[in-house]
Amino acid sequence: MSKKKKQNLKRWIPCYLMALPCVVYFFINNYMPMVGLQIAFKNFNVRDGIWGSKFIGFENFKYLFASKDAWIITRNTIGYNLFWIILNTALGIMIAIFLNEVKSKMAKKVYQTFILLPYLISMVVVSYLAYAFLSEQTGFINGILNALGLPSVMWYQKANYWPFILTIVYEWKNIGFNAIIFLASLVGISKDYYEAAEMDGATKWQQIRKITIPMLTPTIVMLVTIGMGNIFRSDFGLFYQVPRNQGLLNAATNTIDTYVFRALLQTGDIGMSSAASFYQAAVCLVTILLFNGVMKKFSEENAMF
Amino acid sequence: MNKSSKRFLALSHVMLMLLSVFLVAPFILLIIASLTEESTAIKYGYSFFPKVWSFEAYQYVLRNSGMFGRAFLITIVVTVLGVICGLTISSLMAYVITRRGIPGGKILTFYVIFTMLFNGGLVATYLNYVQIFHINNTYWALLIPNLLCNAFSIMMIKNYFQASIPEELMEAARIDGASEWKIFFQIVTPLSKPILATVALIMGLAYWNDWQNGLYYLDDTSMHGIQNVLNDMNSNAKYLMQFAGSSGATIPTTTVRMAIAVVGILPILCVYPFFQEYFAKGITAGAVKG
């Protein structure tokens with residue numbers, strides 16, 4: 001190495017030192033587990049650890065995909081995500097349009113505060129809120145049903161209610177997030193368009209269809225693409241905490257993330273859980289790359305890389 | 001304003017008010033449930049208009065403030081430490097990858113971004129921390145896994161640095177012989193207060209609300225923070241009973257659980273209205289430019 005080059009590198013040493021803590025952290029927290037994924041192809045035992053355990057090829061995957069769980073958790077994870085991406089986009093746009101309509105600064109701030117509030121609460125607390133409504137003996141809803149002379153409903157024992165319950169809880173918690181993002185792009189639309197449209201006698205509904213929605217398209221594409229990229233991931237907290245980890249509800253509430261957790265820490269089946277975990281990581285990488293490619297086609301600047 | 005617009009404005013207000021009620025009602029029910037007299041709650045269930053009100057749940061929590069206070073303290077300490085360390089690590093990295101001409105800068109950026117694309121998942125992460133680093137059943141488990149630093153925060157800070165801090169300013173300081181550390185701490189950080197505050201709030205929220213690390217790594221319930229205590233009460237119906245021995249009284253469990261949930265969200269409810277704009281800004285910045 002020439003002297004000049006050496007001196008040049010020396011100049012950058014403080015910068016490399018600044019990057020070091022983060023580099024080390026990502027190495028431990030992210031990169032080591034990536035290498036650790038190989039455990040899915042091994043017969044793990046505690047004594048031999050990740051590296052020493054015996055290689056068994058696709059044995060773990062064979063067991064996983066032979067069980068009917070593999071189908072249920074895949075269906076639930078993708079099904080809920082698809083439905084919620086559509087619902088979230090539609091409701092988010094609607095609320096953002098209403099919010100944008102409000103001219104009073106004070107009122108706008110109050111609404112925004114309420115709308116984001118559920119987003120800030122942990123899923124454990126959300127499960128308490130849901131329990132206050134749904135508890136079999138002391139829940140608010142059963143209280144109303146009983147007062148009307150109707151029998152109580154065993155919410156935590158019947159899986160068929162849960163697609164609706166989870167959807168309501170999910171939208172309750174996340175609706176503000178999307179609304180705020182859509183609002184940010186709505187604020188950027190020039191008022192001139194609407195003034196011109198109003199002069200021509202366009203109704204509000206026509207303005208929304210012909211001006212607002214087309215102007216929001218880049219944001220819609222961005223949010224849908226991010227959602228599609230993450231279609232194989234589920235909110236562990238929502239599916240674990242809100243149904244209170246009730247096995248009876250599994251048909252409607254078991255997703256890849258809850259399955260991996262239960263197999264790892266409750267039944268101790270490391271083979272199955274690592275196979276499911278690998279399955280998720282691999283499919284996720286594909287979907288994220290795929291949809292980032294789609295995003296690049298639509299708008300270069302919003303692509304992640 | 002034409003007639004159609006006026007009608008639409010009225011409709012907007014009505015819809016937003018209905019939405020606000022839908023979003024806030026569960027919080028109100030939770031608070032009222034915690035203020036209901038125990039036998040009333042058992043007999044008639046939680047309701048918005050209980051027949052008998054009572055503070056007994058909170059009195060019970062106060063009498064047992066040792067245990068709940070400890071959980072509260074753990075959460076506060078972990079949150080504060082986590083935000084300080086996480087913010088420092090993230091903003092230093094963000095500064096480095098915005099430095100022009102640094103050899104390996106592209107590789108560093110990729111090193112950060114790749115963590116958004118691919119991750120080892122729960123099993124590999126868990127085995128890594130438990131088998132190799134042995135952080136299970138230590139307080140490190142609450143601080144380190146997944147929460148300390150993430151690519152999204154780094155990218156948010158990086159974007160702000162690039163957009164808002166003039167390159168000439170740093171160049172001038174460099175010519176005057178200022179070190180990288182001095183430039184970072186005396187020029188870059190003071191000019192970036194808005195984004196640092198936003199990222200700190202998001203990180204603080206993540207630490208305050210976290211229960212997963214405690215669930216995965218801590219078996220000893222005495223090390224649990226407030227969210228994990230709430231989780232313990234959910235998963236173990238007898239959790240509250242184990243404290244009955246010391247106080248000798250029966251526990252109003254139906255209402256006490258709600259009172260503890262209220263205590264868990266109280267700090268957020270108190271702080272949030274003042275920082276609402278920062279949160280909203282953080283969400284938009286993170287999503288649009290993440």
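Only the coordinates and a few stated rules stand behind these numbers; no lab work does. As the structure is a computational prediction, the values presented were derived from the model and not from experiment. For neighbour counting, all protein chains shown are included, and Cβ atoms are generated from backbone atoms with ideal geometry for every residue, glycine included.
Please arrange B:224, B:134, B:13 by counting, for each residue, the other beta carbons lying within 10 Å of its beta carbon, fewest first. Intermediate values should be presented prior to the final figure.
Working: B:224 23, B:134 11, B:13 16.
Least crowded to most crowded, the residues run B:134, B:13, B:224.
Which value in nm describes the separation of the simple spin-label points at residue B:175 and residue B:56, placed 7 Å from the Cα toward the beta carbon?
7.7 nm
With 23 Å as the cut-off, how large is the P(r) tail for the stretch B:43-187, expressed as percent of Cα-Cα pairs? If you can, show how the numbers build up before the last one.
Details: 6232 of 10440 pairs.
Value for the stretch B:43-187 (Cα pairs over 23 Å): 60 percent.
Given a cut-off of 25 Å, name the pairs among A:5/B:193; B:193/B:281; A:103/A:191; A:191/B:193; A:105/A:210 whose C-alpha atoms lie farther apart than that in the structure shown. Show your work: numbers first, answer last.
Values: A:5/B:193 36 Å; B:193/B:281 13 Å; A:103/A:191 13 Å; A:191/B:193 32 Å; A:105/A:210 27 Å.
Going by Cα-Cα distance, A:5/B:193; A:191/B:193; A:105/A:210 fall outside the 25 Å limit.
Hey, can you grab everything whose amide H is under 5 Å from the amide H of residue B:133? Only 5+ residues off in sequence or another chain; H modelled, so Pro and N-termini drop out.
Those lying under 5 Å, H to H, from residue B:133: there are none.
Express in whole angstrom the spacing between the alpha-carbon centres of the stretch A:29-52 and the stretch A:84-157.
41 Å
Measure nothing fancy, just the Cα-based angle from helix B:226-235's long axis to the longest principal axis of chain B, in degrees from 0 to 90, nearest 10.
For helix B:226-235, the angle is close to 50 degrees.
For residue B:36, list long-range residues whose amide hydrogen, built 1.01 Å from N in the peptide plane, is under 5 Å from its own amide hydrogen.
Amide H neighbours of residue B:36, under 5 Å, 5+ apart: B:54.
When the distances between all Cα atoms of the protein assembly as shown are binned every 20 Å from zero, what whole-number percent does each bin get?
With 20 Å bins starting at 0, P(r) equals 17, 50, 29, 4, 0.
Projected onto the charge dipole of the protein assembly as shown (+1 at Lys/Arg Cβ, -1 at Asp/Glu Cβ, origin at the Cα centre), which of A:50, A:203, B:102 gives the Cα projection farthest towards the positive end?
Value computed over the given set: B:102.
Which ³J(HN,Hα) values, rounded to whole Hz and listed in residue order, are derived for the stretch B:212-224 from phi using the Karplus coefficients 6.51, -1.76 and 1.60 in 6.51 cos²θ - 1.76 cosθ + 1.60 with θ = phi - 60°, glycine and proline given as x?
Taking θ as phi minus 60°, the curve returns 5, 4, x, 5, 6, 10, 10, 7, 6, 5, 6, 8, 6 Hz for the stretch B:212-224.
With springs only between Cα atoms under 10 Å, which of B:93, B:223, B:15 fluctuates most in a Gaussian network model of chain B?
Checking each option, the largest mean-square fluctuation is seen for B:15.
Enumerate the residues in the stretch B:18-50 having an amide nitrogen under 12 Å from the point lying 7 Å beyond the Cα of residue A:148 toward its Cβ.
Nothing falls inside the zone, counting backbone N under 12 Å.
Points 7 angstrom from Cα along the Cβ direction at residue B:221 and residue A:193: gap in nanometres?
Simple spin-label model gives 5.7 nm for this pair.
Just how large is the dipole of chain B about the Cα centre, in debye to the nearest 20, putting +1 at every Lys and Arg Cβ and -1 at every Asp and Glu Cβ?
Details: 18 positive and 13 negative charges, 160 e Å.
That gives a dipole near 760 debye.
Cut-off 10 angstrom, C-alpha nodes, Gaussian network model of chain B. Which of B:94, B:41, B:71 fluctuates the most?
B:41
Explain nothing, just the number: dipole magnitude of the protein assembly as shown about its Cα centre with +1 on each Lys and Arg Cβ and -1 on each Asp and Glu Cβ, in debye rounded to the nearest 20.
Charge dipole, the protein assembly as shown, about its Cα centre: 1120 debye, nearest 20.
Residues with amide H under 5 Å of residue A:42's amide H, sequence separation 5 or more or different chain, H placed in the peptide plane at 1.01 Å from N; which?
A:56
Give me the distance between the Cα centres of the stretch B:1-68 and the stretch A:163-184, rounded to whole Å.
Rounded to whole Å, the Cα centres lie 19 Å apart.
Return the lysines within reach of residue A:62: Cα separation strictly under 16 angstrom, same-chain partners fewer than 8 residues apart disregarded; answer none if there are no such residues.
A:42
Return A:110, B:77 ranked ascending by Cβ neighbour count within 10 Å, so the fewest neighbours appear first. Please report the intermediate quantities before stating the final value.
Working: A:110 17, B:77 14.
In order of increasing Cβ crowding within 10 Å: B:77, A:110.
Under 10 Å, Cα contacts only: if you run a Gaussian network model on chain A, which one of A:294, A:126, A:224 comes out with the highest mean-square fluctuation?
A:294
Through the Karplus equation 6.51 cos²θ - 1.76 cosθ + 1.60, θ set to phi - 60°, convert the phi angles of the stretch B:85-100 into ³J(HN,Hα) values in whole Hz; use x for Gly and Pro.
Along the stretch B:85-100, the couplings run 5, x, 5, 4, 4, 5, 6, 4, 5, 4, 5, 4, 6, 8, 5, 6 Hz.
Among the helices of chain A (complete DSSP H runs), which have Cα atoms covering no less than 24 Å along the helix axis and a Kyte-Doolittle mean of at least 0.0? Please list the in-between numbers first.
On the way: long enough: A:69-101 (47 Å, 0.99); A:162-187 (37 Å, 1.28); A:270-298 (41 Å, 1.20).
Within chain A the helices that satisfy the rule are A:69-101, A:162-187, A:270-298.
Give me P(r) over the stretch B:23-79, computed from all C-alpha to C-alpha distances, binned every 10 Å, as integer percentages.
23, 35, 32, 10, 0
Out of every Cα-Cα pair in the stretch B:56-289, what percent are more than 23 Å apart?
On the way: 15953 of 27261 pairs.
So the pairs more than 23 Å apart make up 59 percent of the total in the stretch B:56-289.
Given the options A:155, A:144, A:181, identify the residue whose Cα lies farthest towards the positive end of the charge dipole of the stretch A:139-219 (+1 on Cβ of Lys, Arg; -1 on Cβ of Asp, Glu).
Result: A:155, furthest along the dipole toward the positive end.
Where the centre of each part is set by its Cα atoms, how far does the stretch B:177-200 sit from the stretch B:72-102, in angstrom?
12 Å
Give me the number: length gained by fully extending residue A:282 to residue A:203, i.e. 0.36 nm times residue separation minus the C-alpha to C-alpha distance, one decimal in nm.
Details: separation 79, 0.36 × 79 = 28.44 nm, distance 4.89 nm.
The span from residue A:282 to residue A:203 would gain 23.5 nm if fully extended.
Expressed as an acute angle from 0 to 90° and rounded to the nearest 10, what is the orientation of the C-alpha long axis of helix B:253-289 relative to the principal long axis of chain B?
Once rounded, one gets 20 degrees.
Treating only the Cβ of Lys, Arg, Asp and Glu as charged (+1, +1, -1, -1), what charge dipole size does chain A show about its Cα centre? Round to the nearest 20 debye. Write out the running numbers ahead of the final one.
Working: 27 positive and 15 negative charges, 261 e Å.
Magnitude of the dipole: close to 1260 debye.
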